[in-house]
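The values are calculated or read from the model by the stated rules, or taken from the named source; none is laboratory data. This one's a predicted model, so the numbers in the text were calculated from it and none came from an experiment. Neighbour counts are summed over all protein chains in view; Cβ atoms, including those assigned to glycine, are modelled from backbone coordinates with ideal geometry. To get the accessible areas, we keep the full protein, side chains included, count just its heavy atoms, and leave off ligands, DNA and RNA. Shrake-Rupley method; radii C 1.70, N 1.55, O 1.52, S 1.80 Å.
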Amino acid sequence: MAEVKPERYRYDEPLAGYTSFRIGGPADLLVEVNTRAELANLISYCERAGIPWFFLGRGSNVLVDDAGFRGVVLRFGPDFARIKVEGTCLRAGAAAPLALVAEAAARHSLSGLEFASGIPGSLGGGIYMNAGSYGGEMKDVVISAEVYRPRTGFTILSREELKFGYRSSVLQELGGILVEALLQLTPGDEAVIRNRMKELNAQRRAKQPLEYPSAGSVFKRPEGAFAGKLIEEAGLKGYRIGQAQVSPKHAGFIVNLGGATARDVLALIKEVQTVVFERTGYRLEPEIRILCRE
Ligand SMILES: Cc1cc2nc3c(=O)[nH]c(=O)nc-3n(C[C@H](O)[C@H](O)[C@H](O)COP(=O)(O)OP(=O)(O)OC[C@H]3O[C@@H](n4cnc5c(N)ncnc54)[C@H](O)[C@@H]3O)c2cc1C
């Protein structure tokens, strides 16, 4: 087994506290890895032994099963959260919160990450999902990324090789773990950058139900429409199953009113998909990653 210090092994660790939905049962084992060797050794071990594994970022786009995960959940420790400025570029570890990467850019008068300052995920999760908002997407700033794959090892992928699409990247096909990324920004004025970040975050607070646990927008934007608008038109704003509710503030969000289960959320997702299809003809596809058996 990889040489990870025992205190970074947590057996039967409840996952709810590692997700922004605050939902999910225990993982058989949760391991915080702090070096590239630990990451590679652990994943190789799991692959050889046939043990299922899952890589978790800041848990802001996942729904975890009520029964938890039978296998190993890996996360990065603080050594993967470093951020370094290199001229007009930023080099940052995958575990760095997007808010802190955007903050570092602002502090160095570098523009390009204002859109990301209110997205609650990590840099790794943001690139894996090609996270975006207010006209910006991670693909606009990524030059290259270091990725680990079980049979290939560590390689550098260029922006083209990362094959970004709407809320997608090649990592979703390859099953690769993003370790570090190089971002290209442009020189700007710190005050202007900070004002833009403030303005966007105020818009978020006004429109999104940030007072409740959620995983952000549940569904991808369908071609030519907005998921939230379709859900509202289908009369589902405020609709509730158990403790999971289509947010009355933003119908694209499902919120946990307190004690919601993954089963509640999955039933609500299904109901929304069915009713929206019947009433509007649009098929909604989940954006959130579902780590569930159902
Ligand atoms: C209130 C709220 C607002 C949000 N607003 C937005 C928004 O405006 N725009 C937007 O795009 N998203 C938004 N999100 C969703 C979420 O923040 C993003 O998708 C974010 O990029 C997910 O990052 P994470 O680290 O939390 O990933 P996680 O939720 O932990 O994981 C998501 C997926 O990424 C994978 N992953 C995580 N880290 C890595 C890594 N290092 N290497 C490989 N794979 C990895 C996981 O395996 C999983 O499949 C919002 C969420 C919330 C709760």
Failed condition for Ala191, given (1) surrounded by fewer than 19 Cβ atoms within 10 Å (Cβ to Cβ); (2) within 16 Å of the ligand (Cβ to nearest atom): (2)
Subset of the stretch 64-87 [buried (at least 23 other Cβ atoms within 10 Å of the Cβ) and either touching a helix residue (DSSP H, G or I) at 6+ places or on another chain (Cβ under 6 Å) or within 14 Å of Val31 (Cβ to Cβ) (or both)]: Phe69, Val73, Phe76, Phe80
Residue match in the stretch 132-155 (condition: near the ligand (Cβ under 7 Å from one of its atoms) and either more than 24 Å from Ala225 (Cα to Cα) or touching a Cys at 6+ places or on another chain (Cβ under 7 Å) (or both)): no
Options Lys249, Lys270; residue that is farther than 18 Å from Leu63 by Cβ and either basic (Lys, Arg) or assigned to a helix (DSSP H, G or I) (or both): Lys249
Out of Gln208, Gln172, sole residue that is open to solvent by less than 40 Å² (accessible area, probe 1.4 Å) and among the polar types (S, T, N, Q): Gln208
Checklist (1) closer than 20 Å to Arg283 by Cα; (2) buried (at least 22 other Cβ atoms within 10 Å of the Cβ); (3) of a type outside the set (Gly, Ala, Ser) applied to Val255, failing item: (1)
Meets criteria (under 30 Å from Val147 (Cβ atoms), away from the ligand (no atom under 12 Å from the Cβ), open to solvent by 30 Å² or more (accessible area, probe 1.4 Å) and acidic (Asp, Glu)) for Glu223: yes
Hits in the stretch 28-78 - residues which are more than 14 Å from the ligand (Cβ to nearest atom) and of a type in the set (Lys, Arg): Arg48, Arg70
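In this structure, does Ser117 turn out to be of a type in the set (S, T, N, Q), closer than 15 Å to Ala145 by Cβ and within 14 Å of the ligand (Cβ to nearest atom)?
No.
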Residue check for Lys237: within 23 Å of the chain's Cα centre (by Cα) and either over 26 Å from Arg58 (Cα atoms) or open to solvent by 20 Å² or more (accessible area, probe 1.4 Å) (or both): no
Out of Phe69, Phe54, sole residue that is touching a residue at least 24 places away in the same chain (Cβ under 8 Å) and closer than 22 Å to Leu98 by Cα: Phe54
